[in-house]
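Only one structure is covered here, and it is reproduced in the block below.
The values are calculated or read from the model by the stated rules, or taken from the named source; none is laboratory data. Because the structure is a prediction, the values reported are computed rather than measured. Positions of Cβ are generated from backbone atoms using ideal geometry, with glycine treated the same way; all protein chains shown enter the neighbour counts. Calculation scope for accessible area: heavy atoms of the full protein, side chains included, ligands and nucleic acids excluded. Shrake-Rupley method; radii C 1.70, N 1.55, O 1.52, S 1.80 Å.
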Amino acid sequence: QVQLVESGGGLVQPGGSLRLSCAASGSIFTIYVMAWYRQAPGKQRELVATITGGGIANYADSVKGRFTISRDNGKNSVYLQMNSLKPEDTAIYYCNADIYPSVYWGQGTQVTVSS
């Protein structure tokens, strides 16, 4: 059984920063793409950023230049550094990992950007 556990969410003022972490544990053979998604109240879940095992990253247009995704393959972990946060970044952030032979989700961590 594989588990993804996120941490690092919280309340931050506009313009502030947060760093989310997600660690995978359990019966892991190979982790392919890891990603962060988010879901704001009343909206569909959306893709924020992805990163391959080789470190190639892609971002949603709404976060380009402000967010940075990274991973530590030795620790089976993925991170999301969020800078210049805006109120519209408020959402539950979910970690996602393609771990052969399935795709797994974390439980989510709340990020609130408010003054």
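Confirm whether V78 is surrounded by 15 or more Cβ atoms within 10 Å (Cβ to Cβ) and within 20 Å of S114 (Cα to Cα). Answer is no for this residue. G74 satisfies every condition listed in (1) under 19 Å from G9 (Cβ atoms); (2) without any contact (Cβ under 8 Å) to a residue 40 or more places away in the chain except (1). Counting the residues of the range 85-97 that are open to solvent by 40 Å² or more (accessible area, probe 1.4 Å) and either at pLDDT below 95 or touching a Gly at 6+ places or on another chain (Cβ under 6 Å) (or both) gives 1.
Scanning the range 24-65 for residues that are among the small types (G, A, S) and under 14 Å from V103 (Cα atoms), we see that the one that is most open to solvent (accessible area, probe 1.4 Å) is S27. Being among the hydrophobic types (A, V, I, L, M, F, W, C) and more than 16 Å from R19 (Cβ to Cβ) is true of V103.
Checked against the criterion of being outside any strand (DSSP E or B), among the basic types (K, R) and open to solvent by 90 Å² or more (accessible area, probe 1.4 Å), the range 9-19 contains not a single residue that satisfies it.
Is one or more of the residues making up the range 91-109 assigned to a loop (DSSP other than H, G, I, E, B) and farther than 30 Å from Q1 by Cβ? No, because not a single residue in the range 91-109 is assigned to a loop (DSSP other than H, G, I, E, B) and farther than 30 Å from Q1 by Cβ.
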